1. At 0.36 nm per residue, minus the direct Cα-Cα distance, what do PHE466 and ASN61 gain on full extension? Give it in nm, one decimal, please.
2. Quick one: go through region 244-285 and flag any residue whose amide nitrogen is under 11 Å from the point 7 Å out along the Cα-to-Cβ line of VAL355.
3. In region 216-282, which GluC sites (Glu not before Pro) are in a loop and have at most 14 other Cβ atoms within 10 Å, using DSSP for the loop call?
4. Pull up the cross-link candidates among the lysines for LYS378, meaning alpha carbon to alpha carbon under 30 Å and not fewer than 8 places away within one chain.
5. Which length gain, in nm to one decimal place, applies between LEU156 and GLN286 when the Cα-Cα distance is subtracted from 0.36 nm times their residue separation?
6. Treating cross-link reach as a plain straight distance, find the lysines whose alpha-carbon is under 23 Å from the alpha-carbon of LYS343, omitting any fewer than eight places away in the same chain.
7. Calculate the FRET efficiency for LYS175 and LEU459 from the Cβ-Cβ distance with a Förster distance of 35 Å, rounded to the nearest 0.05.
8. Report, ordered by chain and residue number, the lysines lying within cross-link reach of LYS514, taken as a straight Cα distance under 28 Å and ignoring same-chain residues fewer than 8 apart.
Amino acid sequence: MNSFLALFALPARQLIGMAVAIAAVIALAVGAYIWFDTPDYRALYTNLADRDGGAVVQALNTMNVPYKYSDGGGAILVPSNLVYDTRLKLASQGLPRGGTAGFELMEQEKFGTTQFQEQVNYQRGLEGELARTIQSISSVQGARVHLAIPKASVFLRDQQKPSASVLLNLYPGKKLDRSQVSGIVHLVASSVPELVGSNVSIVDQNGNLLNTQSSVDGLDPAQLAYVQELEQSYTRRVVAILEPIMGPENVRAQVTADIDFSQTEQTAESYHPNVTPANSAIRSVQTSEETSSTNNGSNSGPIGVPGAASNQPTPPATAATPQAGATAATATSSNGGSNSSRKDNTTNYEVDKTVQLKRMPVGALKRLSVAILVNNRKIVDDKGATSFEAIPKEQLDQITALAREAVGFSQDRGDTLNVVNAPFTQAPVEAAANEPGILQNPDLIAKGLGYGKWVLFWLVLLYLVFGVLRPFMRSLLEQVAQQQQLTESQLVPITEGVPTQVRASYANQIESAKQIAASDPRIVANVVKGWVSANE
């Protein structure tokens with residue numbers, strides 16, 4: 001404490017320097033604290049439209065969330081610890097709207113709006129709503145929809161179908177599969193009256209037409225995808241059954257499948273020989289029966305077969321004409337009053353017929369071509385040396401047999417399978433794979449930077465206190481101590497050559513001065529200050 005109080009006895013120049021040093025240390029500490037305590041701003045939204053940007057800023061002011069703009073005003077920045085919370089709150093308010101106006105345009109109708117303006121606003125609102133709906137797909141970053149709706153006409157020859165075009169901005173590395181593109185086509189076609197899917201065109205940001213119906217060798221994209229999936233399935237089967245034997249990355253397989261996508265129908269109708277009536281099926285039976293009544297002569301009438309023969313007299317019976325006699329006898333018998341009857345029975349049997357209708361399945365496998373390449377087997381000797389040698393023929397035959405069973409090899413179908421043993425070329429080993437790790441996690445990086453800032457702040461503060469201020473104060477205290485020692489050394493020689501009584505009184509004065517300095521050091525400091533200023 002005495003040394004600290006003695007600092008005030010230093011010259012004004014040194015006191016000013018000490019004050020400036022202390023003030024600089026305090027200013028640096030406060031500045032570092034303010035800088036480290038400033039929140040880290042991150043982008044809330046980027047590339048917003050003017051309408052959406054104004055709505056977002058107004059909502060941030062309402063929620064009392066601090067924000068600022070990036071260089072150029074291309075993004076709105078908020079504190080990093082409030083990014084996700086703010087996005088969720090803005091999403092609950094329907095912000096941002098994506099820069100496209102929806103059916104809210106119909107809410108801004110003014111008095112005196114013409115029918116043409118209403119139609120234009122309706123079309124713009126429909127386009128905006130479709131764009132927002134398409135943007136909800138995970139792979140789509142932005143979308144623009146253009147509708148060409150012709151004016152309705154009462155004449156059939158003047159009627160035109162509407163059409164639509166969609167521009168998609170996909171996220172980097174993302175793409176839409178065939179089913180997603182078809183879904184967008186049906187979505188747009190179902191939202192516009194009388195719009196058919198063939199009149200909808202979808203283009204990505206690179207100008208590629210996504211809903212093209214192009215084909216290769218008469219195959220549509222669905223059939224090509226089926227062929228590729230089938231080939232990959234066979235390839236996985238081969239690799240899965242051979243890798244346990246050869247080891248991972250020692251088997252390569254390629255399968256080519258010949259698929260028949262033709263649609264074939266066959267109809268065959270065959271008849272078999274007739275079988276016995278007992279084993280045949282009766283189709284229909286027809287029975288006819290005829291009976292005539294008896295004539296007693298009193299009420300005779302014309303009988304017999306109607307015609308000229310019955311009206312002519314019966315010729316006399318002779319031996320030369322026995323058939324005529326028979327006929328006369330029949331007629332006489334008929335005229336004599338005898339009854340006559342006739343029965344007819346007709347049975348129709350079913351014809352034995354076979355009709356066959358065959359529809360060949362679409363996508364039938366016609367032929368398989370399998371190529372398998374296996375690496376030389378690895379051999380490690382007793383000393384740990386590694387070498388490779390060709391696979392024996394017996395093991396190669398086993399591999400061929402396993403591959404045949406895995407793909408369902410058929411000789412009748414014309415399948416081919418070739419297994420070749422050859423050494424693989426060893427690729428250079430890369431240092432490390434570029435896989436995202438913990439250090440590439442944005443959230444962990446942000447937290448680490450926040451903690452690192454405070455650690456750096458305390459390190460800087462400790463350095464300023466113990467590395468700058470403390471050595472400076474120590475040097476000043478050493479200077480004060482040296483001045484005190486110099487003063488005492490200058491006072492001691494004065495007692496030499498002085499009588500004993502005077503020396504005793506002088507020693508008493510020195511002791512008194514020490515007591516005064518111990519009780520009130522400011523007096524000593526003022527005395528020393530006066531000596532220094534007077535150059536004594």
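1. 141.3 nm
2. The answer is 268-270.
3. Those satisfying the criteria are GLU249.
4. Within the straight-line cut-off, LYS378 pairs with LYS393.
5. Difference between extended and current length: 40.7 nm.
6. Once the sequence-local lysines are set aside, nothing remains near LYS343.
7. So the FRET efficiency works out to roughly 0.10.
8. LYS529
Read-outs: derived from the displayed coordinates by stated rules, not from any lab. What you see is a predicted model; the values in this text were computed from it and never measured. As a convention, Cβ positions derive from the backbone with ideal geometry for all residues, glycine included, and neighbour counts pool all protein chains shown.
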